[in-house]
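The values are calculated or read from the model by the stated rules, or taken from the named source; none is laboratory data. Remember, predicted model here, so these are calculated numbers, not experimental data. A quick note on method: Cβ atoms are made from the backbone with ideal geometry, for glycine too, and the neighbour counts reach across all protein chains shown.
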Amino acid sequence: MKATAKRLALSALLAIAGVLSTPHASAQIPENSYLRLSEPMNIGGHILQPGVYVISVLPGYGNRNQLQVTNEDHSKIFATVLSIPHQLSPSDTKQLSEFVYYPAIEGSPRALRTWFAANAVSEGGHDIVYPKETAMKLAPAVHEKVIAYDDSTKVEDPKTVELVVVTPANEIKPYMQPLPAPMVASAPAELPQTGSSVPLYAAIGMLLLVAAVATRVIRTV
């Protein structure tokens, strides 16, 4: 009987350890930022009108990420765009969320170049990828290379999207790696509030209580 009780207590401790080590228990808050626009903006080929938005990372795509732009309560999706990692150089430090834009083009909305989230899971940011048609208009106008994908491609599966680089001369070249960050002014943005952590803390508390009881059983059996 004592051996059975001890085995049950050990099983409970192992189960609790497994739960606490799962991504749901230890995952960080998804990368996100408020995006406050006072003028129209182009993000990945989608024109956003003035207003308050939340930009977030849809996780789980490895070296490419989908970004989603929603309203503040996430009940409406305005855009889903593709991005690639933007690695910081050794001299760069990013303390706050920042939005880096391509140079303004007369008669066209500003286009988002790179987004750095304050709560990023890595030290880098996200370079926005544009449809090829948009990139071929943008690259010569801003005198920069623009990462692009074929206009007929769906970005729902980022891993299968074939990327290219559109040069200022409108040449199409193979995509190799993220481009260096442009030296342009950027604006800080606050982080939006996410769902309450109270239920998670309560669950962890209950698990710890069970663990304490199981430990006591093991010591007394």
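Quick notes on this structure:
- Positions within the stretch 150-178 being out of contact with any Phe, Trp or Tyr (no Cβ under 8 Å at 6 or more places or on another chain), surrounded by 15 or more Cβ atoms within 10 Å (Cβ to Cβ) and modelled with pLDDT under 95, in sequence order: THR153, TYR175, PRO178
- Some residue of the stretch 134-154 being within 15 Å of the chain's Cα centre (by Cα) and assigned by TED's automatic domain parsing to the domain that holds ILE43: no
- Residues satisfying the stated conditions in the stretch 82-113, i.e. surrounded by 14 or more Cβ atoms within 10 Å (Cβ to Cβ), among the hydroxyl-bearing types (Ser, Thr, Tyr) and modelled with pLDDT under 85: SER97
- For PHE116, the criteria (1) under 24 Å from MET176 (Cβ atoms); (2) out of contact with any Lys or Arg (no Cβ under 6 Å at 6 or more places or on another chain); (3) modelled with pLDDT under 95 hold in every case but one, which is (2).
- Within this structure, GLU106 fails the test of being in contact with a strand residue (DSSP E or B) (Cβ under 9 Å, 6 or more places away or on another chain) and farther than 16 Å from ASN65 by Cα.
- For LEU191, the stated conditions hold: it is in contact with a strand residue (DSSP E or B) (Cβ under 7 Å, 6 or more places away or on another chain) and modelled with pLDDT under 75.
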